[in-house]
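Notes follow once the structure below has been shown.
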Amino acid sequence: MILRLNTDIAAGTVGLVFAAVLWLPREEIGRLSIIFPRAILVLLCLIAVALIVKGVIRPGGRQVEITGSPRRLFTVIAGFFLWWGLVEVLGFLVTTLVAFFALTWYLARVETRVTWQRLLKWTPVILGLVIVFYLTFKEVLNVRLPTGLFF
Amino acid sequence: MDMLLEALASLLTFESVITVLVGVSAGLFIGAMPGLTATMALAVLLPFTFSMEALQGLIALGGVYMGSIYGGAFTAILINTPGTPSSIATTFDGYPMARQGRAYEAIAAATIASVAGGIVGVIFLLVLAPPLARWAVAFGPSEMFWVAMLGLTLVASLSSDSLLKGLLGGCIGILLSTIGVSPVGGESRFIFGYPPLQGGIELIVALIGLFVIPELLTMAAEGRGALPGQTELRKKEVSILSIARRIFGKPVNLIRSCLIGQIIAIIPGAGGNVTSLVAYNEARRFSRDPKSFGKGNVDGVVASESSNNVMVAGSMVPLLTLGIPGAPPDAIILGVLLMHGLRPGLDLFTESGVLTNGFILSMGMAALLLLPVGLLGGRLIHRVVIRTPYYFLVPSIAMVTILGTFALRNSLLDVGIMLILGTAGYFLRLIGIQPAPIVLGLILGGIAEEGYVQTLMAAVVDPIPWLRLLHNPLSMVLAGMVVLGAATTLVPMWLARKGLLDRVDEDDGRSP
């Protein structure tokens, strides 16, 4: 998917928005703690303005391209965040098994028809992978993984 | 000399060789996994050395350190994901080489460079430790500020498309490093009333997010693997000997990178990520074909990998002589020394000289063992990455990155930050803001801030406080290097604008 966008102006705007987000709470901070971030914030604003001016006078890129399927991109982004959000509720093991199956099924559909038989064939591989990593981190490396409602 | 020979004799036993071999293999495995750093590898394997003798414990950890730094190159080359922060610069050319079907060439070059770098680092440590350590002590706050600034001039050259966008990314990275408790004032900054943010943004979290997640999203969107399916190692076309001949035939890049690695390694806290980025930048700057960097130039891989492996032994200089860790993993080594009742300083080279020299030599042995272990392991890791369908690879990498990110501080917030930064990184890349300047800003932000604020605090009675940043010859030299570094970045852009570069290119094109 190709979008018409002046990348210089877009980058400058991102810089200004980021600076604004950090600028607002700075007054509650003491001099020693703010002296350095303030200098960088000013520098960031100057660079962002310079980019916007450049974008108006002599723009660099005028379009951006999302390669592949934007729908798949946004679905996977949502999937990752859902995976993260559910870890605390369902526990790491259950959430990861569900997320792994769901992502594998969704992504495999791009190049092949995913039947139940195929999913069943993949099950030992997915189960093995997830359980090996789960046990390695939990038992060998002593990482206290979130348990949630189940494990 | 007697101590050195005695140390060598104690090292050349079956038990010691096996310890180094196991250490290197374990380090290689952990280092090759995205999110698991050399520090983590050392911390995780530390308990296994408790029951060992002091020398055996130290040589095991030395092997793990060397193996994990080198292991980071595998995923950097194969899936554009630096296994350790030290391998950031390896991705710049290693991954394009893998995409061109030259994965084996990149891995072999990384292996040879790592072996050479590791051995050179050990030689430096043995020969130059005392004078270099004395020099490093001269670095005060203002000098550290300029060292950080020198690193930040890299920002401009790391973002090849636009200097302004590179600087913007660098500033965003520096500001991300200021989130949390201030290192000087001690107050919480930019936490938006959310106390868990006081811990700040962990470098590894940002690194995984900015480098791994955009790549996973691209793979998912395009419906393809990290490497083209038909890509082979092309082992038959390039032999290890031909790659070695190429590297050692024109050794300037290797020598320069080793020297840069050693100089930066003795600066406390600088770490392998800074050494590899600086060495890469200089390799590109001095190259006859700088445009090929970032597109699969083997010299980029050699520069990055040789310098970061020099750092392994090189960063031990301030550690063994002053007790100051040159890089984060060294802190673990310091802990082991103290645990065995060994205090850094002159005593380590006199009373405990055999043990210290044995430890140093064991790192040389570990570097040599990288060759067989790395090349065999490389084939295995490559096979796993290539033959795994992308619909298994995406969730597998996502799972390991989530696990690795969580394990750093047992924090689900870190996983969220990693995902947010990764998603933002994907879209920022689309508008020309690359992840490397952001990461560099994040690494150097803390160093620059401490140097800047401490210098200004010391200059409160001065009429012009900031002049304190240039109060001694060393600061002036470093400041001059910053200006020079920035200027040399701007020169090619100025030449391109004047059209002079095109003429040079045309001339090059005409010559046979």
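The values are calculated or read from the model by the stated rules, or taken from the named source; none is laboratory data. Since this is a predicted model, take the numbers as computed values, not measurements. Counting neighbours? That spans all protein chains shown, and the Cβs are built from the backbone with ideal geometry, glycine included.
List of remarks:
- Candidates A:86, A:44: the one that is closer than 30 Å to residue A:143 by Cα and either surrounded by 14 or more Cβ atoms within 10 Å (Cβ to Cβ) or facing chain B (nearest Cβ under 7 Å) (or both) is A:86.
- Those residues of the range B:1-35 which are modelled with pLDDT of 85 or more and buried (at least 21 other Cβ atoms within 10 Å of the Cβ), in sequence order: B:19, B:20, B:23, B:24
- Every condition in (1) out of contact with any Asp or Glu (no Cβ under 7 Å at 6 or more places or on another chain); (2) in a helix (DSSP H, G or I); (3) not aliphatic (A, V, I, L, M) holds for residue A:142 except the one numbered (2).
- Out of B:64, B:127, B:120, B:115, one residue alone is in a helix (DSSP H, G or I) and in contact with a Cys (Cβ under 7 Å, 6 or more places away or on another chain). It is B:120.
- Restricting attention to the range A:89-117, the residues being in a helix (DSSP H, G or I), surrounded by 14 or more Cβ atoms within 10 Å (Cβ to Cβ) and free of Cβ contacts under 8 Å to residues at least 60 places away in the same chain number 17.
- Subset of the range B:78-97 that is modelled with pLDDT of 85 or more and more than 19 Å from residue B:274 (Cβ to Cβ) - its residue that is surrounded by the most Cβ atoms within 10 Å (Cβ to Cβ): B:95
- Each residue in the range A:125-151 was checked for being touching a Leu at 6+ places or on another chain (Cβ under 9 Å) and among the acidic types (Asp, Glu), and 0 of them qualify.
- Filter result for the condition that a residue is touching a residue at least 40 places away in the same chain (Cβ under 8 Å) and not assigned by TED's automatic domain parsing to the domain that holds residue A:134, over A:24, A:43, A:51: A:51
- Note on the range B:161-181: residues that are under 24 Å from residue B:407 (Cα atoms) and in contact with a Ser or Thr (Cβ under 8 Å, 6 or more places away or on another chain) total 2.
- Test set (1) on the phi < 0 side of the Ramachandran plot; (2) facing chain B (nearest Cβ under 7 Å); (3) outside any helix (DSSP H, G or I) - residue A:68 fails condition number: (1)
- Checked against (1) out of contact with any Gly (no Cβ under 8 Å at 6 or more places or on another chain); (2) within 28 Å of residue B:292 (Cα to Cα), residue B:86 meets all criteria but (1).
- Residue match in the range B:206-224 (condition: in contact (Cβ under 8 Å) with a residue 24 or more places away in the chain, within 13 Å of chain A (Cβ to nearest Cβ) and of a type in the set (Lys, Arg)): yes
- Residue check: residue A:3 meets all listed conditions (1) out of contact with any helix residue (DSSP H, G or I) (no Cβ under 6 Å at 6 or more places or on another chain); (2) at pLDDT below 90; (3) assigned to a helix (DSSP H, G or I); (4) surrounded by fewer than 17 Cβ atoms within 10 Å (Cβ to Cβ) but one, namely (3).
- Breaking point among (1) in contact with a Leu (Cβ under 6 Å, 6 or more places away or on another chain); (2) closer than 20 Å to residue B:413 by Cβ, for residue A:86: (1)
- Every residue from the range B:283-303 that is under 15 Å from the mean Cα position of the chain (by Cα) and of a type outside the set (Gly, Ala, Ser): B:301, B:302
- Contacts under 8 angstrom Cβ, first residue in the range B:162-182 being more than 7 Å from chain A (Cβ to nearest Cβ) and touching a residue at least 12 places away in the same chain (Cβ under 8 Å), partner among the acidic types (Asp, Glu) and buried (at least 24 other Cβ atoms within 10 Å of the Cβ), 6 or more apart: B:177/B:449
- Within the range A:15-31, being under 18 Å from residue B:167 (Cα atoms), surrounded by 16 or more Cβ atoms within 10 Å (Cβ to Cβ) and more than 9 Å from chain B (Cβ to nearest Cβ) holds for one residue alone: A:16.
To keep it simple, each residue is scored yes or no on (1) under 28 Å from residue B:165 (Cα atoms); (2) assigned by TED's automatic domain parsing to the domain that holds residue A:134.
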residue: A:33; (1), (2): yes, no
residue: A:60; (1), (2): yes, no
residue: A:77; (1), (2): yes, yes
residue: A:90; (1), (2): no, yes
